[in-house]
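Remarks on the structure that follows.
Since every read-out is calculated from the coordinates, none of them should be taken as a lab result. Values in this document were obtained by computation on a predicted structure and should not be read as measured data. Every residue, glycine among them, receives a Cβ derived from its backbone with ideal geometry; neighbour counts consider all protein chains shown.
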Amino acid sequence: MPRTKIVAGNWKMNLDRAKAKDLAAAVAARRGEAAKVELVLCPPALYVETVGSALAGAKSDVRLGAQNMHDKASGAFTGEVAPPMLVDMGCGYVILGHSERRTLFGETDAAVNTKTKAALAAGLVPIVCVGETLEEREAGRTAAVVTAQVTGSLAGLSPGELEKVVVAYEPVWAIGTGKVATPEQAQEVHALVRGLLAGLSSPEVAARVRIQYGGSVKPDNAADLARQPDIDGALVGGASLKADDFLGIAKAFA
């Protein structure tokens, strides 16, 4: 059975509430341009409810996601957001282990693994990010780094749980730099990830897991990426802040 393509927008720490509402409404209004692709919007935590209301008001099936979460369901964790809170706000997805969380906030594979299990337990679909730095790629360590991140971040998941996860390969050197992995470079790592997923479960389960590419994805390079057999969509950063660009990328995967 073909994998449903998935394109998610990571708005990061951008926009104000009015702009977030307008962007969500614009994407919802034009959702039909990429009807066969699952679309997810991941606004800043403070605007999750605003974006969710805009999508609901438009009677859109564009999904709502968050950019991060704590692994505990409640407790004395000042400033954090719990998985049940995201569910309560209508989120169906959550981005975990983004390179910015790993490098700027010290998140380890073990921490991402704990969050992944908590997200699944709460009924959220985790978008688990992996990817190497420029130094690691130039040192020929891409496969080793991605292997460690995939196996560490997804350790201990049952086949049924693993099948619900979305993996996002984001080469750190291509995020926000204007650089993008060639379709062949991206496909090579996506194929590696699928092989690792097969080792964690089975080839049949791995064949059903969706693997996104992220890293300076734009409408003009999305089509070449979409032609690769193991690239099932995109996790979009800067280009997701404009409806035209985001939907242009989504259409490439339709």
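Some points to look at:
- The listed residues are Glu135, Glu170, and the only one of them that is touching a residue at least 60 places away in the same chain (Cβ under 8 Å), of a type in the set (D, E, K, R) and in contact with a helix residue (DSSP H, G or I) (Cβ under 9 Å, 6 or more places away or on another chain) turns out to be Glu170.
- Residue list for region 1-51, restricted to those being acidic (Asp, Glu) and part of a loop (DSSP other than H, G, I, E, B): Asp16
- Taking region 92-108 as the range and being buried (at least 19 other Cβ atoms within 10 Å of the Cβ) and within 16 Å of the chain's Cα centre (by Cα) as the test, the residues that pass are Tyr93, Val94, Ile95, Leu96, Gly97, His98, Ser99, Glu100, Arg102.
- Once region 78-137 is narrowed to residues that are hydroxyl-bearing (Ser, Thr, Tyr) and either in contact with a Phe, Trp or Tyr (Cβ under 7 Å, 6 or more places away or on another chain) or not in a helix (DSSP H, G or I) (or both), the residue that is farthest from Leu157 (Cα to Cα) is Thr78.
- Selection from region 201-220 of residues that are surrounded by 19 or more Cβ atoms within 10 Å (Cβ to Cβ) and either of a type in the set (A, V, I, L, M, F, W, C) or under 21 Å from Glu132 (Cβ atoms) (or both): Ala206, Val209, Arg210, Ile211, Gln212, Tyr213, Gly214, Gly215, Ser216, Val217
- Filter result for Lys21 (among the basic types (Lys, Arg) and either over 18 Å from the mean Cα position of the chain (by Cα) or crowded, with 22+ Cβ neighbours inside 10 Å (or both)): yes
- Residue that is under 19 Å from Gly215 (Cβ atoms) and among the aliphatic types (A, V, I, L, M), where the choices are Ala143, Ala122, Ala118: Ala143
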